[in-house]
Amino acid sequence: MEIVIETCLDSIKMLPFLFFAFLLIEFLEYYSGEMSGKLLKKVGKAGPVVGAVLGCVPQCGFSVLAANLYAGGVLSAGTLIAVFAATSDEAVLILMANPGRAGEIIWLLAVKVVIAVAAGDFVDGVMQKYIVRTEKNVHIKPRETVRPSKMEVVREAIGHTFRIFAYLFVFNLILNFAIELLGIQKLSEILLGNTVFQPIIAAIIGLISGHGVVSPYLTQLYLSGAISFASVVSGLCTGAGVGLIVLFKMNSDKKENFRILLTLVAIASVAGMFLQFLQFYYNVL
């Protein structure tokens, strides 16, 4: 009962912050979605840099926009990879809801942007011809979208808040019981803690795409000490939200989609293992 009560109180404390944060994000998407799309269409070779910077802003629909633009031949594979790798979804909000750890947000975003830009430039410079094998329909006509009213934006923020609240409550309850029964050290060992291979596990977990499904769990594991900073970075680099689902739906070349997916996992794993190495042997991060 103590664990249940503690989990309830910890989750309820996050509710007001989560609501105002999601409200801000929904209005940000409401006003800047079209502008972001237009900006991505004009960036050219600077696409990975712009995509990484825009992707790190916790806008839930940005990876979806990038996937659609890529399927239409507007974005390069490198720019798409940069957006996917930079996307952090709800991770930033959950860190902000923990005042003692909020200072880590800038560090997390900075590392992810560096990885995303490097990955995007590498893909465009070296891997583009191996990933993209078919011509894109650059004249694809975007679907008409109905702009939501401000009240719909508020309702969406409320719905998103309670969905994340439910996810976090259930996961924190399970996590707290696991820590009580096993101890944080044993839980970390199960997740290959203290090895350079934990980021690979995190990168695979991050692929379980879905709006707000994976990033809260990875972030909570990091906050509890069960996974390292390197591992949470690796997992969040592959956790592109529903962007990957949209890519497979909108882009007709499924083999190309799998090549993008495998490239994203490989980049996230290698980057995470490198960060883990720095943590172990040089006490960096």
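The values are calculated or read from the model by the stated rules, or taken from the named source; none is laboratory data. Computed from a prediction, not measured in an experiment: that's the story for all the values here. Note that each Cβ is placed from the backbone with ideal geometry, even for glycine, and that neighbours are counted across all protein chains shown. Note: accessible area is taken over every heavy atom of the protein model, side chains too, but ligands, DNA and RNA are not part of it. Shrake-Rupley method; radii C 1.70, N 1.55, O 1.52, S 1.80 Å.
Quick one: ranking Ile227, Ile5 by accessible area, 1.4 Å probe, largest first, what do you get?
On the way: Ile227 15, Ile5 90 Å².
Largest to smallest exposure gives the sequence Ile5, Ile227.
Taking Lys and Arg as +1 and Asp and Glu as -1, the other residues whose beta-carbon sits under 14 Å from that of Thr7 total -3. How big is the gap, in Å, between the Cα center of segment 234-285 and the Cα center of segment 169-206? Centre-to-centre distance over Cα atoms comes out at 20 Å. Ranking of Met14, Met1, Met273 by solvent-accessible surface, largest first: Met1, Met273, Met14 (1.4 Å probe, protein heavy atoms only, all chains present).
Can you bin segment 171-244 into rounded, prolate or oblate? Criterion: square roots of the alpha carbon gyration tensor eigenvalues sorted a ≥ b ≥ c, rounded for a/c under 1.5, prolate for a/b above b/c, oblate for the rest.
Values: a/c = 2.60, a/b = 1.42, b/c = 1.83.
Because a/c hits 1.5 or more and a/b fails to exceed b/c, segment 171-244 counts as oblate.
Element breakdown for segment 154-285 at a 1.4 angstrom probe: carbon and sulfur atoms account for 72% of the accessible area. In terms of accessible area, using a 1.4 Å probe and ignoring ligands and nucleic acids, Phe197, Phe62, Phe171 rank largest first as Phe197, Phe171, Phe62. Of the residues Gly272, Leu168, Tyr282, the one whose Cα sits farthest toward the positive end of the charge dipole of segment 164-285, with +1 on the Cβ of Lys and Arg and -1 on the Cβ of Asp and Glu, is Gly272. Surface calculation, 1.4 Å probe, protein heavy atoms: Ser149 sits at approximately 50 Å² accessible. Derived scalar couplings between HN and Hα for segment 218-229 equal 4, 5, 5, 4, 5, 5, 7, x, 6, 10, 7, 4 Hz in order, rounded to whole Hz, by the Karplus curve 6.51 cos²θ - 1.76 cosθ + 1.60 (θ = phi - 60°), x for Gly and Pro.
In the complete set of protein chains, residue-level accessible area for Val154 is approximately 40 Å², probe 1.4 angstrom.
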